[in-house]
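The values are calculated or read from the model by the stated rules, or taken from the named source; none is laboratory data. Note that the structure is predicted; figures quoted are calculated from it, not measured. Here the Cβ positions follow ideal geometry from the backbone for every residue, glycine too, while neighbour counts run over all protein chains shown. Accessible surface areas use protein heavy atoms only, side chains included; no ligands, DNA or RNA. Shrake-Rupley method; radii C 1.70, N 1.55, O 1.52, S 1.80 Å.
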Amino acid sequence: MTPVSTRCPTCGSDFLGPDDVTDPPDDGDVAVCLTCSDLIIWSKHHGWETPDPELRAELLRTPQVIESLMALREYHEQQEADRQQLHSLITHGYLSGASIPDIVEAILDDGFHRHPTHNGEDKAK
């Protein structure tokens, strides 16, 4: 049996890696890629595929897909805000001659916190 692709056909991000303990999706399941935000459909014979334009248009009208896209947009916006906040705080600490521990404390005192990944785990390991 030919292995199916667990990568997003648009950006190549892996959806079902070796750390996943879940079974593959059911044939026809729809997902939104967490990296590129494209809609993809699971085929038990080919893996993730891009839907044809008519099906894509139909899916974009469903409340579940709209909610997923909005939640993903919010997640990406928060990641970008975190990135900008970190750059600003680190640059300020560096230019003011602060030590690394002082910069870290300033970042934490400013209220910065990381956001979990899509599966609820912390990104750093």
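Points to keep in mind about this one:
- Here the stretch 41-57 is the region considered, the condition is being in contact with a strand residue (DSSP E or B) (Cβ under 8 Å, 6 or more places away or on another chain) and outside any strand (DSSP E or B), and the residue that is least open to solvent (accessible area, probe 1.4 Å) is Pro51.
- Which listed residue, of Arg83, Arg73, is open to solvent by 90 Å² or more (accessible area, probe 1.4 Å), under 19 Å from the mean Cα position of the chain (by Cα) and closer than 18 Å to Ser13 by Cβ: Arg73
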